Amino acid sequence: MKYRDLREEVVRVARRMSESGLVMGTAGNVSARTPDGGVLVTPSGLDYAVMEPEDVVLMDVDGALIEGSFKPLVEWPMHTGIYRARPETGGVVHSHARYSTTLACLNWEIPPLHYMLAVLSDEGRVPLARTLHTGRRSSLATPPGSSEARTARACSATTAPSPSAGPPPRPNPGPSCSRRWRSSTTARGRPESQYC
């Protein structure tokens, strides 16, 4: 099996995403670019709690299956499209976090409310990709909607929020990775967010 360490990291990130409540069930997905340009993706429909490194599917950047006994995640076109459009990207995490999903459904981007958002985009906000289609699930392959979403390291999408792209996962991400944005809507219909 190729890329054992990277497969283990994909499984670890997927489990952590599930355990932290960023997804429920088998929603969301994780991928990583291999050193030779392939893509490791979580399999479709497999519970993260029982997923093992050998279950992670290896594809090429055009979507051809190279290795794996499971079907690749349904949203593989989004992942491979991001890798094709953004050569610097080493990993993609697509969550369905409750509050970012709520904001995306309201067509609101996450505003620059905290300095930590500066690591996600040049303007310190999480832009909204307004052009995601649900039919082929591949419209992020362009990559997403607005020019801000094309250059940001995270974006929300109106029909399937929160793909994030960045460098390859680190073995020890440190305490800041366990923090997350918590957002809610006030009685006046404005977003209220805090970093926790």
* List the strands (runs of 3 or more DSSP E) that sit entirely inside the stretch 1-106 and contain at least 2 residues that are farther than 21 Å from residue 157 by Cα and touching a helix residue (DSSP H, G or I) at 6+ places or on another chain (Cβ under 7 Å). => 39-41
* To do: Taking only the stretch 54-75 into account, find how many residues are of a type in the set (Phe, Trp, Tyr) and in contact with a Gly (Cβ under 6 Å, 6 or more places away or on another chain).
  => 0
* Across the stretch 73-87, what is the total count of residues that are within 18 Å of residue 46 (Cα to Cα) and of a type in the set (D, E, K, R)? -> 1
* Asked: Could you list, in sequence order, the residues of the stretch 77-89 that are surrounded by 19 or more Cβ atoms within 10 Å (Cβ to Cβ) and within 15 Å of residue 120 (Cα to Cα)?
  -> 89
* Any chance you could count how many residues in the stretch 1-46 are among the small types (Gly, Ala, Ser), touching a residue at least 40 places away in the same chain (Cβ under 8 Å) and under 19 Å from residue 69 (Cβ atoms)? => 2
* Asked: Residue check, residue 176 against (1) modelled with pLDDT of 75 or more; (2) surrounded by fewer than 13 Cβ atoms within 10 Å (Cβ to Cβ); (3) part of a helix (DSSP H, G or I); (4) not acidic (Asp, Glu), all met but one. Which one?
  -> (1)
* Asked: In this structure, is residue 34 of a type in the set (Val, Ile, Thr), at pLDDT 95 or above and surrounded by 12 or more Cβ atoms within 10 Å (Cβ to Cβ)?
  -> yes
* Failed condition for residue 40, given (1) crowded, with 19+ Cβ neighbours inside 10 Å; (2) at positive phi; (3) not β-branched (Val, Ile, Thr), with all others met? -> (2)
* Asked: If you check 37, 21, 45, 25, which single one turns out to be more than 23 Å from residue 98 (Cα to Cα) and of a type outside the set (A, V, I, L, M, F, W, C)?
  -> 37
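The values are calculated or read from the model by the stated rules, or taken from the named source; none is laboratory data. Every value quoted in this text rests on a predicted model; they were computed, and no experiment measured them. Ideal geometry is used to build each Cβ from the backbone, glycine not excepted, and the neighbour counts take in all protein chains shown.
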